[in-house]
Amino acid sequence: MLSASLKQGFRRASVARPLRRTLATAVQHSSAPLTEISTLSNGLTIATESHPHAQTATVGVWIDAGSRAETDGTNRRSQHALELEVENLGAHLNAYTSREQTVYYAKAFRKDVGAAVDIISDILQNSKLESGAIERERDVILREQEEVDKQLEEVVFDHLHAVAYQGQPLGRTILGPKKNILSIKRDDLADYIKSNYTADRMVLVGTGGVDHRELQDLAVKHFSNLPVSSNPVGLGKKHHPKTSFVGSEVRIRDDTMNTANIAIAVEGVGWRSPDYFPMLVMQSIMGNWDRSLGAAPLLSSRLSHVVSSNSLANSFMSFSTSYSDTGLWGIYLVSENLVNLDDLVHFTLREWTRMSIAPTDAEVERAKSQLKASLLLGLDGTTAVAEDIGRQLVTAGRRFTPRQIESAVNAVTKDEIKRVANKYLWDKDIAVAALGRVEVSWTTTALDTYRPQSWGARAMHVPDVRDGVWFGDWRGSFFHDHSAIKVVSVPRAGGGGGIPGTTLVLDEKTGAARAVTLTSGSVLATRLVGPKSPARLVLFGAGLQIKHHARLFIQSYPSITHCTIINRSLNDRFTELLADLTMEFPSLRLDGLISSAQNIEPAVRDGDVICTATSSTQPLFDSAWIKQGAHVNLIGSYTSTMRESDPGLIKRAGRLILVDETKSCLVESGELIDASITEDELVEIGTLVREGSEAAKAIERVRQAGDVTVFKSVGVGAQDVGVAGLMVELAEKDGRVGTRVAYD
């Protein structure tokens with residue numbers, strides 16, 4: 001009895017040849033076995049890879065047609081006689097069906113190759129399709145369907161195909177719906193065989209102890225009477241309309257299960273695509289992982305590090321499934337950490353995005369080595385080689401030798417990975433199928449963003465509170481029923497983590513925390529004195545400050561179409577920032593530059609708004625590069641030894657600089673100290689947001705002082721505390737208090 005099972009594998013190809021013309025594919029080394037290919041007059045392709053000393057052989061027929069019909073007897077042999085003959089030969093007979101192929105093959109001793117070919121030919125051409133056999137096979141397929149339904153991975157992938165290829169043949173399961181299995185008749189099977197089991201859609205393959213001329217003679221003897229399609233199409237050639245990929249999602253919720261099982265995919269490539277091998281390498285970069293593989297330090301995949309370190313999943317498996325004209329490229333995730341499913345999906349998609357921006361040479365080379373090992377070590381044994389040859393010929397029309405596969409993989413570069421990632425992953429529709437505990441909303445943004453409709457006109461003029469701890473009653477216009485405290489952590493030298501500042505807002509009546517915030521005044525300063533509709537944003541640094549600034553500016557200014565992130569080195573923070581922003585703002589043109597290795601002048605010259613958030617002791621750019629009308633926010637340096645710009649920038653601003661607090665900036669801003677700036681040449685931002693004509697005049701005075709405007713902040717805790725309280729007040733008033741409040 002023949003079984004039906006789904007198999008995915010690496011598919012290869014061949015070139016059709018006239019009868020008795022062999023040697024289709026040349027190899028570089030004489031020690032490598034030859035793949036000989038020839039073609040009968042009716043279009044049947046014969047392919048062999050002989051091993052003279054092998055005592056066993058695998059022979060089989062690969063058919064360019066998916067099928068759910070398998071038979072148990074022929075007109076020449078009864079089912080019992082067929083099984084007995086195979087058993088007496090000591091042979092193994094098997095078959096399987098995939099979405100695009102049907103395969104019948106046997107493994108036998110060298111001397112029994114002729115008998116094995118005879119049996120396969122008999123099954124293909126002389127099946128009786130008796131009603132009793134059909135009913136028995138119907139029961140078998142129903143039992144197989146029950147077993148498949150217990151395999152969660154198979155179920156999820158069937159649903160993934162259904163949503164990705166809606167209403168199209170590739171979207172159907174291999175076994176088919178139960179109603180079809182119950183209703184199929186003999187005439188249905190006979191029509192299918194007549195239409196698809198034709199010589200021009202078949203490949204007879206022999207490997208191991210088999211001679212090509214001998215197999216060719218057996219083909220003439222047993223397969224010469226095979227019919228030809230009414231409209232013959234060469235192997236590996238397109239013979240049906242292209243399948244359309246549909247970005248969509250299906251969830252099957254089952255709370256009796258302990259895990260969530262999720263498959264996410266984009267449209268992949270077909271077997272003949274020139275991007276086939278780069279996509280396989282990119283799949284290898286993503287890798288596979290399960291909990292038995294150990295802790296993060298032992299893993300090569302970045303995604304494995306994140307998932308294992310944070311216990312986000314039980315396992316994941318990346319995949320690249322190809323068909324004749326399309327494919328699915330994606331990942332299958334299994335997790336019992338139901339609370340953090342959104343994190344699991346977020347980090348997965350962030351890694352996909354990183355492939356479009358900054359794959360590393362090391363991970364590409366490692367992935368290539370792993371892929372070659374997987375592909376080439378899989379060609380072990382005559383059956384594996386036969387399947388390799390058969391699938392290649394049916395799907396691609398030719399056969400790639402192992403050495404050609406190795407060369408194709410070796411040719412993939414980091415730039416190739418970036419290219420295919422941009423082509424297939426960047427801002428593309430995805431198909432999602434999920435089964436199990438999928439009640440958590442992991443495909444939508446987990447944190448709602450609240451953006452106030454009005455910036456308001458509140459006084460933010462604060463006293464000098466940087467020396468010592470200042471206590472006071474701030475309940476006036478800022479806090480009402482709230483208190484707040486800001487904590488700033490200054491790391492030891494070499495910490496490299498920036499200067500994290502967190503503001504905690506407390507309810508004065510209950511003592512409960514109302515908000516935890518990160519603050520800055522750069523967007524407000526830009527709104528007050530900068531360009532009204534900036535198009536290009538340039539950011540120096542890759543820490544949290546820059547991350548928040550990027551989000552705030554992009555959300556606050558719909559006019560921004562380009563954003564350039566400039567960092568001194570290519571590190572994880574830089575690549576992760578680019579990946580996060582790409583996912584959050586897919587329509588934004590985002591560029592990343594390394595100042596130590598690339599020319600940043602053109603990007604700076606194009607910038608309408610420039611923000612710096614570094615601890616640099618040297619100017620980050622030449623002030624002459626800043627174009628007329630641009631606005632610069634200097635927010636990173638906070639000591640007299642640090643400086644992010646040269647004195648020329650202060651001069652171009654007309655020596656009238658907007659600051660967060662005058663006294664602090666005079667003693668802690670290296671840029672202002674270098675320019676010998678005085679208190680009269682500084683304007684506190686708090687004076688510009690007060691109501692009245694004086695504030696409007698001050699704003700205009702700053703704008704007209706020079707050909708650029710500059711805001712310098714050394715960080716004033718009381719100001720951040722005041723803004724935090726104000727934002728909680730506005731959020732509560734609007735009734736939209738959320739987890740994250742975006743403001744400046």
### Query
Would a scan of segment 99-113 turn up a residue that is surrounded by fewer than 17 Cβ atoms within 10 Å (Cβ to Cβ), of a type in the set (D, E, K, R), in contact (Cβ under 8 Å) with a residue 12 or more places away in the chain and out of contact with any Cys (no Cβ under 7 Å at 6 or more places or on another chain)?
yes
#### Entry: Residue selected from segment 207-248 under the condition surrounded by fewer than 21 Cβ atoms within 10 Å (Cβ to Cβ) and hydroxyl-bearing (Ser, Thr, Tyr), by the criterion nearest to Val117 (Cα to Cα)
Ser224
### Query
Does Arg589 satisfy being among the charged types (D, E, K, R), surrounded by 21 or more Cβ atoms within 10 Å (Cβ to Cβ) and in contact (Cβ under 8 Å) with a residue 24 or more places away in the chain?
no
### Message
I'd like to know if segment 381-394 contains one or more residues that are at pLDDT below 90, in contact with a helix residue (DSSP H, G or I) (Cβ under 7 Å, 6 or more places away or on another chain) and not in a helix (DSSP H, G or I).
### Response
no
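Let's see how each residue does on (1) over 30 Å from Ala367 (Cβ atoms); (2) modelled with pLDDT of 50 or more; (3) surrounded by fewer than 15 Cβ atoms within 10 Å (Cβ to Cβ):
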{"residue": "Ala408", "(1), (2), (3)": "no, yes, no"}
{"residue": "Asn422", "(1), (2), (3)": "no, yes, yes"}
{"residue": "Leu425", "(1), (2), (3)": "no, yes, no"}
{"residue": "Asp429", "(1), (2), (3)": "no, yes, yes"}
{"residue": "Arg437", "(1), (2), (3)": "yes, yes, no"}
{"residue": "Val462", "(1), (2), (3)": "yes, no, no"}
### Query
Are any of the residues in segment 214-226 of a type in the set (Phe, Trp, Tyr), modelled with pLDDT under 80 and under 20 Å from Asp122 (Cα atoms)?
no
### Qualifying positions in segment 682-698 - surrounded by 19 or more Cβ atoms within 10 Å (Cβ to Cβ) and part of a helix (DSSP H, G or I)
Ile685, Gly686, Leu688, Ala698
### Task
Determine if segment 248-268 includes at least one residue that is closer than 30 Å to Ser195 by Cα and not assigned by TED's automatic domain parsing to the domain that holds Val117.
yes
### Query
If you take the residues in segment 646-666 that are over 15 Å from Asp707 (Cβ atoms) and assigned to a loop (DSSP other than H, G, I, E, B), which one is modelled with the highest pLDDT?
Asp646
### Query
In segment 120-135, which residues are farther than 11 Å from Tyr104 by Cβ and either in contact with a His (Cβ under 7 Å, 6 or more places away or on another chain) or surrounded by fewer than 14 Cβ atoms within 10 Å (Cβ to Cβ) (or both)?
Asn126, Ser131, Gly132, Glu135
### Message
Quick test of your reading of the structure: Thr639 fulfils all but one of (1) in contact with a helix residue (DSSP H, G or I) (Cβ under 7 Å, 6 or more places away or on another chain); (2) in a loop (DSSP other than H, G, I, E, B); (3) within 19 Å of Leu658 (Cβ to Cβ). Name the failing condition by number.
### Response
(3)
### Task
Read through the list (1) over 35 Å from the mean Cα position of the chain (by Cα); (2) in contact (Cβ under 8 Å) with a residue 60 or more places away in the chain, then give the number of the only condition that Leu142 fails.
(2)
### Message
Quick check on my filter: what residues within segment 601-624 are among the small types (Gly, Ala, Ser) and assigned to a loop (DSSP other than H, G, I, E, B)?
### Response
Gly607, Ala613, Ser615, Ser616
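Residues checked against (1) within 26 Å of Leu688 (Cβ to Cβ); (2) basic (Lys, Arg); (3) buried (at least 19 other Cβ atoms within 10 Å of the Cβ):
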site: Thr564; (1), (2), (3): no, no, yes
site: Asn571; (1), (2), (3): no, no, no
site: Asn599; (1), (2), (3): no, no, no
site: Ala613; (1), (2), (3): yes, no, yes
site: Thr617; (1), (2), (3): no, no, no
site: Ile626; (1), (2), (3): yes, no, yes
site: Ile635; (1), (2), (3): yes, no, yes
site: Ser645; (1), (2), (3): yes, no, yes
site: Ile657; (1), (2), (3): yes, no, yes
### Task
Please note which helices (runs of 4 or more DSSP H) are completely contained in segment 489-592 and include at least 3 residues that are more than 19 Å from Arg643 (Cα to Cα), among the β-branched types (Val, Ile, Thr) and modelled with pLDDT of 85 or more.
522-529
### Query
In segment 401-437, what count of residues is obtained for those that are part of a loop (DSSP other than H, G, I, E, B) and hydroxyl-bearing (Ser, Thr, Tyr)?
2
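Condition check ((1) modelled with pLDDT of 90 or more; (2) exposed (fewer than 13 other Cβ atoms within 10 Å of the Cβ)) across all residues:
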residue	(1), (2)
Gln151	no, yes
Leu175	no, no
Lys178	no, yes
Val205	yes, no
### Query
Within the set of pairs 6+ apart or on separate chains, which have a first residue in segment 341-363 that is free of Cβ contacts under 8 Å to residues at least 60 places away in the same chain, a second that is in a helix (DSSP H, G or I) and aliphatic (A, V, I, L, M), and C-beta atoms under 6 Å apart?
Phe347/Val306
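Within the bounds of segment 148-169, is there any residue that is more than 45 Å from the chain's Cα centre (by Cα) and of a type in the set (Phe, Trp, Tyr)?
no
The values are calculated or read from the model by the stated rules, or taken from the named source; none is laboratory data. Bear in mind the structure is a predicted one, so any value in this text is a computation, not a measurement. Note: ideal-geometry Cβ built from the backbone for every residue, glycine included; neighbour counts use all protein chains shown.
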